[in-house]
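Read through the structure below, which is laid out as structure tokens, and then see the notes.
The values are calculated or read from the model by the stated rules, or taken from the named source; none is laboratory data. As the structure is a computational prediction, the values presented were derived from the model and not from experiment. Please note: Cβ atoms are built from the backbone with ideal geometry, for glycine as well, and neighbour counts cover all protein chains shown. For accessibility, only protein heavy atoms count, side chains too; no ligands or nucleic acids. Shrake-Rupley method; radii C 1.70, N 1.55, O 1.52, S 1.80 Å.
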Amino acid sequence: MNKEVRVRFAPSPTGALHIGGVRTALYNYLFAKKNKGTFVLRIEDTDQTRYVEGAEEYIQNALDWLGIAPDEGIVQGGNFGPYKQSERKELYLKEAQRLIDEDKAYYAFDTPEELDAMRERLKAAKVANPVYDSITRSSMKNSLTLSLDEVQSRINAGGPYVIRLKVPRAEEVRLNDMVRGWVKVHSSNIDDKILVKSDGMPTYHLANVVDDHMMEISHVIRGEEWLPSAPLHVLLYQFLGWEDTMPQFAHLPLLLKPDGNGKLSKRDADKKGYPVFPMDWADPVSGEISIGFKEQGYFKESVINFLALLGWNPGTEQEIFDTEELIQAFSIDRINKAGAKFDIDKAKWFNQQYMKAKPLSELAEYLLKDLKEAGIECTPGKAETICALLQERVTFPSEFMTKGMYFFAKPVEYDEKVIRKKWNDEAKSVLQAFANAVKNVDILTPEEALNTLNKVLEEQGVKMGKILQALRVSVTGTGAGPDLMGILSVLGRDEVVDRIETALEKLE
Ligand code: GLU
């Protein structure tokens, strides 16, 4: 690569950052790091009507949480600022003016009624796609059809007017997308897009191209929904005389619903109860809360790993990648063309894999925090032991407390099914003898618990398999769980004795 790699993530602060946006940010990040380049965050807020309070902070926080923070941006600074489009207005207007001076753009004064009338006229004439273009512009009110004086006086009067791109009538616009290959569009299919709106603000298209040029962006990696705009952007680069340094484009495949039927949507996610946002988001207008991966208990490593493989493949069977490995393995030519199904079960699977690999000290912190909130005391050592017992059986950290409640509270109920099947005279006799034997133990380690139980079983001539579930239900209330000797050891001698004797009384 001859040009220094500079990529950007350019979200519009119109709400919470959708998980598809996070994936775009991630691919930009990985590509930048892989190529020792720079990852820029630019806030595209030219559409003031869609600005949502708090969205900008949300975007920053989400990237921070996931550990894919930009190198340049509002917070980080950099040599290409400001990094927020509303603060760069003059730059865009200067370029728009240049396009007008060079006869590549023009003023248009048409009222909404006149635009409607034009569309109606074209529809009546059976024009399939009635738009303002190289043909219709000649019958509209613009600086190409009005006299110079008229144009000047309308401008002097302060408008209203817009600036439109003067798209050529018959030219082929081509771009070689790094994911999709050659994309060719005939310019007659591109309308005279508005570059500057009547409120004096640039549109997305103008601002986006001007910024990518000025920020020396080398590669534009973004969602497939922007592919239809790409030919227009190419045209803008040509018109602005920036074709030689035009960035390369890579359009990422769509994220599809879990069943592959259509685009992944927030509404669908809300209905089915899975997250499509990185973190919880409270809509500032409706107050409605959308759930996030973070608060649902997903580790950032699993979100990153899951998203990396949602539209990209390493070309091997490897599935578990830490960020460093992803950086090494990532390349644009392994981005898939086909849409990627958003499979939340796969996300859970990733979380389980990371859960199994986490150090106990970290897991214990989650448990200790939940316990503290519930007003339950526990030492870090005990928390770690509990996490070790449950680690293989949980997907989310919150389950350490919910699934391990019996470590902190005596059972109030006993699993009926187990009782019906396993609570018999034989079991009761073994349990009573076991409780008596445990009383004489100093410290109930898992080994000591097993030895003691084995001795009792031998004396009574009973097989372990016949009473194990009864023992479990007597101390935990449930019929299934992690290593029982481990549980007994955590509970400790006196508690075990007490729970067994209580069960024997209650379950007479
Ligand atoms: N502001 C656009 C968005 O919200 C950016 C598109 C692009 O990357 O060019 O997705």
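Against the condition within 14 Å of the ligand (Cβ to nearest atom) and free of Cβ contacts under 8 Å to residues at least 24 places away in the same chain, how does Pro247 come out, does it pass? When the stated conditions are applied, Pro247 does not pass them. Right, Leu227: under 37 Å from the mean Cα position of the chain (by Cα), within 14 Å of the ligand (Cβ to nearest atom), closer than 30 Å to Val7 by Cβ and open to solvent by 10 Å² or more (accessible area, probe 1.4 Å) or not? Judged against the criteria, Leu227 is a match. Specify the residue that is farthest from Phe306 (Cα to Cα); the eligible residues are those in segment 335-393 that are open to solvent by less than 70 Å² (accessible area, probe 1.4 Å), in a helix (DSSP H, G or I) and among the charged types (D, E, K, R). Result: Lys382. Just checking, how many residues over segment 1-12 are within 14 Å of the ligand (Cβ to nearest atom), surrounded by fewer than 21 Cβ atoms within 10 Å (Cβ to Cβ) and not small (Gly, Ala, Ser)? Going through segment 1-12 one residue at a time, the tally reaches 0.
Within the bounds of segment 144-159, is there any residue that is of a type outside the set (A, V, I, L, M, F, W, C), in contact with a strand residue (DSSP E or B) (Cβ under 7 Å, 6 or more places away or on another chain) and either at pLDDT below 95 or surrounded by 16 or more Cβ atoms within 10 Å (Cβ to Cβ) (or both)? No - not one qualifying residue is present in segment 144-159. Taking the criterion of being surrounded by fewer than 20 Cβ atoms within 10 Å (Cβ to Cβ), of a type in the set (Asp, Glu) and assigned to a helix (DSSP H, G or I), the residues of segment 94-113 that qualify are Asp101, Glu113.
The single condition among (1) part of a loop (DSSP other than H, G, I, E, B); (2) of a type in the set (A, V, I, L, M, F, W, C); (3) within 25 Å of Gln391 (Cβ to Cβ) that Val441 does not meet is (3).
Flag not set for Val220, criterion: surrounded by 16 or more Cβ atoms within 10 Å (Cβ to Cβ), in contact (Cβ under 8 Å) with a residue 12 or more places away in the chain, closer than 25 Å to Ile43 by Cβ and away from the ligand (no atom under 16 Å from the Cβ).
Restricted to segment 31-89, and to residues that are outside any loop (DSSP other than H, G, I, E, B) and open to solvent by 70 Å² or more (accessible area, probe 1.4 Å), which residue is nearest to Met215 (Cα to Cα)? Ranking the candidates gives Glu87 first. Checking the stated criteria, Tyr354 turns out not to satisfy the condition of being farther than 22 Å from Tyr29 by Cα, touching a Phe, Trp or Tyr at 6+ places or on another chain (Cβ under 8 Å) and not β-branched (Val, Ile, Thr).
Residues of segment 188-210 that are more than 21 Å from Arg169 (Cβ to Cβ), of a type in the set (Gly, Ala, Ser) and surrounded by fewer than 23 Cβ atoms within 10 Å (Cβ to Cβ): Ser198, Gly200.
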